[in-house]
Amino acid sequence: MAKKTPRTENSKPQFWLFKTEPDEYSIDDLATEKNCTWEGIRNYQARNRLRDDIRIGDQVFIYHSSCAKPAIVGLAIVTQEAYTDSAQFDPTSHYYDAKSPTDKPRWLAVTLRYQRHLANTITLAFIKKSGQFIDMELVARPRLSIQSVSIEHANAILQLAGATE
C-alpha cells in the first residue's frame, strides 16, 4: 500500500460522505455495533480514496441511498485507515471477487466508529434544491459511494442538522 503523507500538526481532519443502503446496513446498525469494518467498496476511485486520502480522525457523514428518502442521517469517525477487505476472498460473501489476487488484494476497507444520528436529516431533495450545495459531489457525481465533502459544505450540513457544538 502506498504511504500516505502524514498530516501536520495544523491540518484538520477531512470530511467524507459514505453511502450505504439502509436495508443492507443503516446508521442504526452502526449505532448498535459502535465500530464497523466498512467493506464492500467495489469502485476503483472510491477504493483509491480509502487508500490514499482517508485517515484516522476524518469525519464521515453516513448517507442512506437507494431508499424512499435518500438523506444524510448520521456521523461517524475513521478509527483505522485502509486495510485489506477480507470479504473479497470469501466465496460466501456478497462482496466476493474471484479475480482479486491474495498476494496483491484489489479492495480495501476502513474501520468507522459511530458518533451520532443527526437530529435533522438532510435529504437529497433538499441538497439538490439548495443553491449552497450545487457543487457538492453528491449533486455533481451522485453515483460515487465515497465522496469528499468540503469544510464549507460540512459546516452547513452540521448546522442544518442541529449537530454543531
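Per-structure values
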| read-out | value |
| --- | --- |
| Residue check for LEU118: touching a residue at least 24 places away in the same chain (Cβ under 8 Å) and more than 22 Å from ARG55 (Cα to Cα) | yes |
| Condition met for ARG116 (surrounded by fewer than 17 Cβ atoms within 10 Å (Cβ to Cβ) and more than 24 Å from GLN45 (Cβ to Cβ)) | yes |
| Qualifying positions in the stretch 91-113 - under 16 Å from LEU17 (Cβ atoms) and either among the acidic types (Asp, Glu) or touching a helix residue (DSSP H, G or I) at 6+ places or on another chain (Cβ under 6 Å) (or both) | VAL110 |
| Residue in the stretch 56-64 that is out of contact with any strand residue (DSSP E or B) (no Cβ under 7 Å at 6 or more places or on another chain) and modelled with pLDDT of 95 or more present | no |
| Flag for ASN35 being polar (S, T, N, Q), touching a residue at least 60 places away in the same chain (Cβ under 8 Å) and under 15 Å from SER145 (Cβ atoms) | no |
| Set THR84, THR32, THR102, THR92: member being modelled with pLDDT under 95, farther than 20 Å from ILE157 by Cβ and not acidic (Asp, Glu) | THR102 |
| Extreme residue, nearest to LEU144 (Cα to Cα), among residues of the stretch 59-86 that are surrounded by fewer than 20 Cβ atoms within 10 Å (Cβ to Cβ) and in contact with a Phe, Trp or Tyr (Cβ under 8 Å, 6 or more places away or on another chain) | GLN59 |
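The values are calculated or read from the model by the stated rules, or taken from the named source; none is laboratory data. Since the structure is predicted, the reported quantities are computational estimates derived from the model, not experimental observations. Positions of Cβ are generated from backbone atoms using ideal geometry, with glycine treated the same way; all protein chains shown enter the neighbour counts.
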